[in-house]
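Worksheet: one structure, shown below.
The values are calculated or read from the model by the stated rules, or taken from the named source; none is laboratory data. Predicted model, so just to flag it, every value in this text is computed and none were measured. Every residue, glycine among them, receives a Cβ derived from its backbone with ideal geometry; neighbour counts consider all protein chains shown. Protein only, heavy atoms only, side chains kept; ligands, DNA and RNA dropped before computing areas. Shrake-Rupley method; radii C 1.70, N 1.55, O 1.52, S 1.80 Å.
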Amino acid sequence: MTNFQFTFGSFTKKEFSQILDNSQIVLPNEKKKKKTLMEGLKKFHFSKVPVLIQYRGLINGGNTCFANSALQTLISCPQFLDLLFSLKDCVLDGMSGKTPTLCSLIRLIRDYKCIRDVKKVQKTKIKSELNHNDNPILPKEVLKNSGPFAPDLGGWGKSVQEDAYEYLGYMLGKVHDELIQTIGDLRSKEQLEIESSRDWKEMNKKGKVSKIRHTQIETSFISKIFGGIFKSETTKIINSQRGRPEIKLEPFFSMSLQIRDKNIKTLEDALIAFCSKEKIHFQSQDKEEEIEYIKSIAIERLPNILVLGLKRFTYDEYEGSIKIHKKIKFPNILEIPDKVIATKSKYNKRKKYRLISIITHVGKSPNGGHYYCFVRRPNGVFTHNIYPFISIYGFTINNVKTKKSIKLKKIK
């Protein structure tokens, strides 16, 4: 019981109310004022202490497995979970119109039990509180705010099977746009001035200078987590005369990898094939000039969380839409091949990733089947599958004291 000491005197009712209004006394039942979403976003910073989550199932509302698997994967990404967890107690009133997708994800995370400070909680308590919840939930609000992917929940789902990779990309882009519209670009004014005035040029080994075209992208918490930069180079050759290469820097949130080639047997093979040189030959309209374009692409900057999609669904001239059934080996620890990294890049000293999550599709064709999501648990246990559809990798660290903190840290 809390004791209060009061000193009374002769005050009018008005004077007494003014004293109470100006006092620092906090009554036991007085609730702390909650932050608005805007205040929560402005004060947010990524924490070094991971959030542990109690995983639970998502109800399939009729062909919504593509969305459920993508949502489970996003929640398993430590930094993305950190963002949602930090905002879950914010007041969302009045913001659903401006940030409908973000607000729906925050309300979804409220249905999960999460623990931030592992050190203050006994291991036995962690095990009991984070045991799998057998009561699944229907992410109805998130599905309604899924734009072109939104199912007809009133009719118990839509009959068309959607692509989980496309849906994942749509959700990342949508939340990114909502954050930009709400709190603006996270880059400082000084940083923006430097980037806008920078003369983008690069000199190759032979001393030739190439101009670099830089596609600007506004920075949000999503781009800080999933954002990387591609460096593409195009060289035009006319009648064996090589022109000056044109270099372009473009942002990305994920990489879609071809696996149809018979030589592609591993995830590393698919990455190298993605960045291999491509030659295009054709003649000018008057047929007087032989023109050739040589195109190549590499990673200028690696993201903190790397999303890799394997193109298992493709189109065949004779069979139409088909699914590629082949084994692609993928590691628990992925080291990005040197051939994939831009030669002059100064951002990619750390190239090792730990597998966080896998989305796999079970079925004979793109027109049916079912999506499953496999997630690395807090204890490090991970269910392996040899037919990945989407792989999610996060940076790891060598010196880890507890398995509970190994989900997303960079290797030095």
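A compact table of results
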quantity	calculated
Hey, Pro136 part of a helix (DSSP H, G or I), of a type outside the set (Val, Ile, Thr), under 25 Å from the mean Cα position of the chain (by Cα) and modelled with pLDDT of 75 or more or not	no
Given (1) open to solvent by 20 Å² or more (accessible area, probe 1.4 Å); (2) within 17 Å of Ser254 (Cα to Cα), number of the condition Lys326 does not satisfy	(2)
From Tyr347, Tyr318, residue being farther than 21 Å from Tyr371 by Cβ, touching a residue at least 24 places away in the same chain (Cβ under 8 Å) and among the aromatic types (Phe, Trp, Tyr)	Tyr347
Lone unmet requirement of (1) under 29 Å from Ser296 (Cβ atoms); (2) surrounded by 13 or more Cβ atoms within 10 Å (Cβ to Cβ) for Asp338	(2)
Strands (runs of 3 or more DSSP E) (entirely within the stretch 318-370) containing at least 3 residues that are of a type outside the set (A, V, I, L, M, F, W, C)	320-323, 352-362
Flag if Thr124 is within 22 Å of Ser86 (Cα to Cα), polar (S, T, N, Q) and either at pLDDT below 90 or surrounded by 12 or more Cβ atoms within 10 Å (Cβ to Cβ) (or both)	no
Filtered residues of the stretch 241-275 (kept if without any contact (Cβ under 8 Å) to a residue 24 or more places away in the chain and farther than 21 Å from Tyr165 by Cβ)	Gln241, Arg242, Gly243, Lys262, Asn263
Residue among Ile222, Ile212, Ile229 that alone is at pLDDT 85 or above, surrounded by 15 or more Cβ atoms within 10 Å (Cβ to Cβ) and in a strand (DSSP E or B)	Ile229
